[in-house]
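No lab work stands behind these numbers, since they all come straight from the coordinates. All of these numbers come straight from a predicted model, not from anything done at the bench.
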Amino acid sequence: TNYLSSVNGINGQIKREFSSFDATGTLPPTFSKVFHALKTIPPTSVEAERAFSAAGLFAAVYMTEA
């Protein structure tokens, strides 16, 4: 139960941040942290491929649920 409530809380936070970004065009704090974390990964590394693939999958899943 704790896991599910944690997931629901995270989903709600993500939806609020997407709404904020859509409304203002500026990165909310969590998106800003993710953006800056992804910027630190060298673009030619295997880690980059994994990170960008995971980020793309995450965004695709979220957008189909929204």
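Using θ = phi - 60° and the Karplus relation 6.51 cos²θ - 1.76 cosθ + 1.60, list the HN-Hα couplings for segment 49-55 in order, rounded to whole Hz, with x at every Gly or Pro.
Listing the rounded values in order: 4, 5, 5, 5, 5, 5, 5 Hz.
Need the full-extension length gain, Leu38 to Ser19, defined as separation in residues times 0.36 nm minus the C-alpha distance. One decimal, nm.
4.7 nm is the gain from fully extending Leu38 to Ser19.
Step through the residues of segment 11-16 one at a time and calculate ³J(HN,Hα) from phi using the Karplus curve (6.51 cos²θ - 1.76 cosθ + 1.60, θ = phi - 60°), rounding each to whole Hz and writing x for Gly and Pro.
Once θ is set to phi - 60°, the couplings for segment 11-16 become 4, x, 4, 4, 4, 5 Hz.
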